[in-house]
1. Quick one: with all protein chains in place, what share of the accessible area of the chain is carbon or sulfur, to the nearest percent (1.4 Å probe)?
2. Which entry in [x] 25.6; [y] 16.0; [z] 15.7 matches Kirkwood radius over Cα pairs in Å derived from the coordinates of this structure?
3. In a shell of Cβ-Cβ distance under 11 Å around PHE19, excluding PHE19 itself, what net charge do Lys and Arg (+1) and Asp and Glu (-1) give?
4. Taking the simple approach of a point 7 Å from Cα along Cα-to-Cβ for both PHE90 and ALA2, what is their distance in nm?
5. Restricting to Cα pairs below 8 Å that are 6+ residues apart, what does the relative contact order work out to for the chain? Please round to a whole percent.
6. On average, how much accessible surface per residue is there in segment 32-117, in Å², for a 1.4 Å probe, leaving out ligands, DNA and RNA?
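The values are calculated or read from the model by the stated rules, or taken from the named source; none is laboratory data. Keep in mind it's a predicted model, so treat the numbers as computed, not measured. Cβ coordinates were reconstructed from backbone atoms using ideal geometry, including for glycine residues, and neighbour counts include every protein chain displayed. Please note that ligands, DNA and RNA were not included when accessible areas were found on the heavy atoms of the full protein model with its side chains. Shrake-Rupley method; radii C 1.70, N 1.55, O 1.52, S 1.80 Å.
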Amino acid sequence: MALESLTGDLLFHPKAGEFMSLEEDHIGQIVELLCRIPPDVVQSVKHSAQYFDRRGDLRRVGPLRPWRLYDLLVEKYNFLLEEASEFSNFLLRMLDYHSERRATAAQCLQHPWLTSS
């Protein structure tokens, strides 16, 4: 919601296609932004075999075009470099694939992007 508030765009906007489901496109967009999903995370998902092959690649999505969040902010939304760095750091802490490393709401409230003037 933070990105949507600043840009008017959703971070992910999945669409079903002829050969892939809405869920597969959503996972593909996540991988494009955050890079490959770690194998331990893929294997921990109940229906992972439905979406991923043995190597951890998406079965019906591709080719993917990685676009780091920082680059998205600078290239598409014309953020200043420092602002893109701080804001992408703020968002990426909430988007970590490993839930135990993900920032809590309390930690987010202390992030420099929110607290610096």
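1. Roughly 55 percent, rounded to a whole number.
2. Step by step, Kirkwood radius over Cα pairs in Å for this structure corresponds to label [z].
3. -1
4. Using points 7 Å along Cα→Cβ, the separation is 0.5 nm.
5. It comes to 17 percent, rounded to a whole number.
6. That works out to 72 Å² for each residue.
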